[in-house]
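So the structure is just underneath, and the comments pick up after that.
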Amino acid sequence: MSLFSQITAKPWTQAQALIDNAHTGPTFALPRASLGLRVFLGVVTVLFVLLITAYGARMVQEDWRPTPPISLLWTNTVLLILGSGALQLALIGSETGRTHWLNRGVAFGGIFTLAFLGGQIVAWNQLSTLPAFEVTNPAIAFFYMITIAHALHMGGGMVALGRVTTRLWREGDTEEVQGSLGRCALYWHTLLIIWLVLFGLLFSGNENLGFLLTLCGLR
């Protein structure tokens, strides 16, 4: 196949799928909902990468003062890890027919995530009451913008998890919710990874600031 033919190929059409199957193996058979979620998560990841890059670029300015450390963020991080783990347990329960794993995993996944969101609200209030708090500090503005953006995405995920929980209680069919639960678990795992990167680079102490500058090519 010529380079022009490869560029103009349409792998999403049935005719092209027949050609691809004949030469390069099976077609891409991911459900639309899962494909849409992966595209959305890609966009979300790019958004947070851009925020981290902007954070690193602003750090090199002379008036930069790091955000005061907030110990509660460590607890919130553990809650998010537990929430992601609980949803993974629920997914395994749906795949293996262990209904008690499924029910408990969904319940605890929601509880831990709500606790994380509540903890974030407490952390925002704690920061605003610290003596080092300054409205004009760019680091504090970044802290609120980045953490609120992450919390909003988690809140959106809770809406999807609420729908999965409702279907599970009404229908009681684990196979019906398995696909939706798998997407919820993927969403939670991705936002957990994003949070761990944010927490490790930006909010866990000043010793990581140099690494962030190096990562952004600013040092």
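The values are calculated or read from the model by the stated rules, or taken from the named source; none is laboratory data. It should be emphasised that the depicted structure is a prediction, and the values quoted were computed from it without experimental measurement. In this analysis, Cβ positions are derived from the backbone assuming ideal geometry, glycine residues included, and neighbour counts consider all displayed protein chains. Side chains are part of the model used for accessible areas, which takes the heavy atoms of the whole protein and leaves out ligands, DNA and RNA. Shrake-Rupley method; radii C 1.70, N 1.55, O 1.52, S 1.80 Å.
Remarks
- Residue in region 128-141 that is part of a helix (DSSP H, G or I), touching a residue at least 40 places away in the same chain (Cβ under 8 Å) and polar (S, T, N, Q) present: no
- Odd one out for Gly110, checked against (1) of a type outside the set (Phe, Trp, Tyr); (2) farther than 30 Å from Gly162 by Cα; (3) modelled with pLDDT of 85 or more: (2)
- Residue match in region 87-100 (condition: charged (D, E, K, R), in contact (Cβ under 8 Å) with a residue 60 or more places away in the chain and closer than 19 Å to Gly179 by Cα): yes
- Candidate set: region 90-121, residues that are open to solvent by 70 Å² or more (accessible area, probe 1.4 Å) and among the hydrophobic types (A, V, I, L, M, F, W, C); chosen: the one nearest to the chain's Cα centre (by Cα): Leu114
- Of the residues making up region 113-168, those that are of a type in the set (Phe, Trp, Tyr) and modelled with pLDDT under 95 are Trp124, Phe133, Phe142, Phe143, Tyr144.
- Residue-level check: of (1) under 23 Å from Phe48 (Cα atoms); (2) hydrophobic (A, V, I, L, M, F, W, C); (3) buried (at least 20 other Cβ atoms within 10 Å of the Cβ), Trp124 misses just (3).
- Taking region 136-178 as the range and being closer than 16 Å to Leu80 by Cα and either open to solvent by 70 Å² or more (accessible area, probe 1.4 Å) or aromatic (Phe, Trp, Tyr) (or both) as the test, only Leu152 passes.
- Restricting attention to region 39-60, the residues that are free of Cβ contacts under 8 Å to residues at least 60 places away in the same chain and either assigned to a loop (DSSP other than H, G, I, E, B) or open to solvent by 60 Å² or more (accessible area, probe 1.4 Å) (or both) total 6.
- For region 75-89, a residue qualifies if it is buried (at least 21 other Cβ atoms within 10 Å of the Cβ) and either hydrophobic (A, V, I, L, M, F, W, C) or in a loop (DSSP other than H, G, I, E, B) (or both), and the qualifying residues are Leu80, Ala86, Leu87.
- Residue count, region 154-179 (criterion: of a type in the set (Ser, Thr, Tyr) and touching a residue at least 40 places away in the same chain (Cβ under 8 Å)): 2
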